[in-house]
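Beneath this line is the structure, given in structure tokens, with notes to follow.
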Amino acid sequence: MEERVYRLVVMISGFGSNLQAILDACAEGRLPARVVLVVSNRKDAYGLVRAQRAGVPTLYFPFKPYRDRGLDRTAYDRDLAERIAPYHPDLIVLAGWMHILSSAFLDRFPGRVINLHPALPHMFPGMNAIQQAFEAYQRGQIEYSGCMVHIVTPEVDEGPVLAQAIVPIFPHDTLETFEERMHQTEHRLIIEGIIRALRTCLETPTDPAR
Ligand code: GAR
């Protein structure tokens, strides 16, 4: 990897513990990167506080005003991309971002949007993946779960996988203990996924539209 500091935009919707893992890795020199913007579609997302504490600019950009005006996701996604583009991100990291992004957004940053998902490839896409995995384990349908970082495509929680890890489930687990183990694994995996993305995606030439 060349000696440069990559520009990350991190998008969140909630607690932001994975954002914190990214901020810590940047501060400790484990990631050759800087978070230049944190975007949230929810005003009360605690991750916004984490960003402000780290001195990172934030953007709160909700979908509701679009829905209220009868506009669809495409209009929202296009405007969101327009607001992010001036920050010239090398990589956009969805870390608990709970809004499906369409091509109107993705085409603006081709191959440069990655997502963290708390399940293994092709297992439990969408919301509540941790709970779904835990319940499937209790029904005897799976023996373990995991998490992954992948390049975002218009299909929900699909796309080329950059990093994945198995997260075991034990008979004595509660949803809470399993969830805690999942998050600890994610905090490590998100850094691995970003490093892999910086090594691979960024070997492609920069999109002139940026
Ligand atoms: C994480 O478990 C992440 O994998 C999940 O949201 C959580 C965010 O936690 N994302 C998805 O489910 C995306 N489909 P955090 O706000 O503490 O980082």
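Restricting attention to the range 131-163, which residues are surrounded by fewer than 19 Cβ atoms within 10 Å (Cβ to Cβ) and within 15 Å of the ligand (Cβ to nearest atom)? Within the range 131-163, GLN131, GLN132, THR153, PRO154, GLU155, VAL156, GLU158, VAL161 meet the criteria.
Among residues of the range 1-21 that are closer than 18 Å to HIS88 by Cβ, those with a beta-carbon under 9 Å from a residue that is within 6 Å of the ligand (Cβ to nearest atom) and assigned to a loop (DSSP other than H, G, I, E, B) at least six positions away or on a different chain give the pairs VAL10/GLY16; VAL10/ALA95; MET11/ALA95; MET11/GLY96. Taken over the range 9-33, the criterion of being part of a loop (DSSP other than H, G, I, E, B) and more than 15 Å from the ligand (Cβ to nearest atom) is satisfied by GLU28, GLY29, ARG30, LEU31, PRO32. Mind listing just one residue for me: the one in the range 107-130 that is among the small types (Gly, Ala, Ser) and within 15 Å of the ligand (Cβ to nearest atom) and, of those, modelled with the lowest pLDDT? Across the range 107-130, the extreme among qualifying residues is GLY126.
Among all positions in the range 51-70, there is no residue which is in contact with a Pro (Cβ under 8 Å, 6 or more places away or on another chain) and either surrounded by fewer than 19 Cβ atoms within 10 Å (Cβ to Cβ) or of a type in the set (Val, Ile, Thr) (or both).
Identify all residues within the range 84-106 that are part of a helix (DSSP H, G or I), surrounded by fewer than 23 Cβ atoms within 10 Å (Cβ to Cβ) and within 16 Å of the ligand (Cβ to nearest atom); write none if there are none. Listed by number, the list holds a single entry, LEU106.
How many residues does the range 91-123 hold that are free of Cβ contacts under 8 Å to residues at least 60 places away in the same chain and either in contact with a Leu (Cβ under 9 Å, 6 or more places away or on another chain) or closer than 14 Å to GLU155 by Cα (or both)?
Step one: filter the range 91-123 for residues free of Cβ contacts under 8 Å to residues at least 60 places away in the same chain, giving 100-107, 113, 115, 117, 119-123.
When the remaining residues are screened for being either in contact with a Leu (Cβ under 9 Å, 6 or more places away or on another chain) or closer than 14 Å to GLU155 by Cα (or both), the result is 100-107, 113, 115, 117, 121-123.
Number of matching residues: 14.
Checking each residue in the range 107-129 for being under 22 Å from ALA75 (Cβ atoms) and surrounded by fewer than 18 Cβ atoms within 10 Å (Cβ to Cβ) picks out ASP107, PRO110.
Suppose the filter is in contact (Cβ under 8 Å) with a residue 60 or more places away in the chain and over 22 Å from SER17 (Cβ atoms); does ARG83 pass it? No, not satisfied. One residue stands out among those in the range 154-174 that are over 22 Å from ILE12 (Cβ atoms) and of a type outside the set (Asp, Glu): the one that is nearest to the chain's Cα centre (by Cα), which is PRO160.
Scoring LYS43 on the criteria (1) away from the ligand (no atom under 16 Å from the Cβ); (2) in contact with a Pro (Cβ under 9 Å, 6 or more places away or on another chain) leaves a single failure, condition (1).
The values are calculated or read from the model by the stated rules, or taken from the named source; none is laboratory data. What you are looking at is a predicted structure, and each value in this text was computed from that prediction instead of being measured. Because the Cβ atoms are built from the backbone with ideal geometry, glycine has one as well, and the counts that use them run over all protein chains shown.
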